[in-house]
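Notes to accompany the following structure.
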């Protein structure tokens with residue numbers, strides 16, 4: 001099983017993703033680690049990346065997912081995947097039954113509060129509005145409103161994944 005936790009910065013992708021991976025004994029990858037330094041600098045300055053700038057990054061992440069899939073490795077990828085075409089790039093060549101997108105959502109005010117409290121290498125809190133404007137809410141992902149303790153959210157996601165490999169389009173809480 002491969003889970004892609006997606007959503008805007010501050011929605012909890014890394015926190016929830018690490019918990020899921022640790023509890024399940026799966027691999028974990030943070031898409032942020034795959035950005036080149038020039039992209040991180042641009043975003044730190046408050047400028048969003050273009051689709052053209054994101055394309056090589058998305059292809060690198062797709063290679064990671066295809067590698068996991070080909071090796072039979074279970075893993076969690078924390079990745080914004082804000083647009084449907086980004087999600088399609090990530091899915092390309094991965095067996096659909098092995099892949100579950102999980103859309104972490106939450107009220108803008110809660111996400112903004114999280115962003116204001118954390119120190120991130122390059123994610124400028126000023127980018128939240130542009131991320132929300134760019135976000136194309138997926139219709140084929142498990143939809144989770146992340147407004148509870150991370151341990152509870154991760155536990156509920158794991159329970160749901162264990163109970164159903166066909167969670168597309170569902171909201172569990």
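Only Cα pairs within less than 10 Å get springs; with that Gaussian network setup on the chain, which residue of 80, 38, 130 has the largest fluctuation? In the Gaussian network model the winner is 38.
Find how much the distance from residue 118 to residue 53 grows on full extension, using 0.36 nm per residue of separation minus their present alpha carbon separation; answer in nm with one decimal.
20.8 nm
Among 77, 64, 99, the largest mean-square fluctuation in a Gaussian network model of the chain, built with springs joining Cα atoms closer than 10 Å, belongs to 64. Working note: 222 nm ellipticity from helices only, DSSP H runs with n ≥ 4, each -39,500 (n - 2.57), summed and divided by the residues of the chain, gives -14000 deg cm²/dmol to the nearest 500. Please find, in a Gaussian network model of the chain (springs between Cα atoms separated by less than 10 Å), the residue of 144, 76, 95 whose mean-square fluctuation is greatest. Fluctuation is largest for 95.
Given a cut-off of under 8 Å on Cα pairs at least six residues apart, what relative contact order in percent is computed for the chain?
35 percent
Rg and Dmax over the alpha-carbon atoms of the chain stand at 15.0, 43 Å. Within region 17-46, name every residue whose backbone N is under 19 Å away from a label modeled 7 Å from Cα of residue 73 along the Cβ vector. Backbone N within reach: 17-35. Multiplying the residue separation of residue 139 and residue 159 by 0.36 nm and removing their Cα-Cα distance gives an extension gain of 5.1 nm.
Read-outs: derived from the displayed coordinates by stated rules, not from any lab. Small disclaimer: the values here were computed from a predicted structure and weren't measured. When we count neighbours, we look across all protein chains shown, and the Cβ atoms used for this are built from the backbone with ideal geometry, even at glycine.
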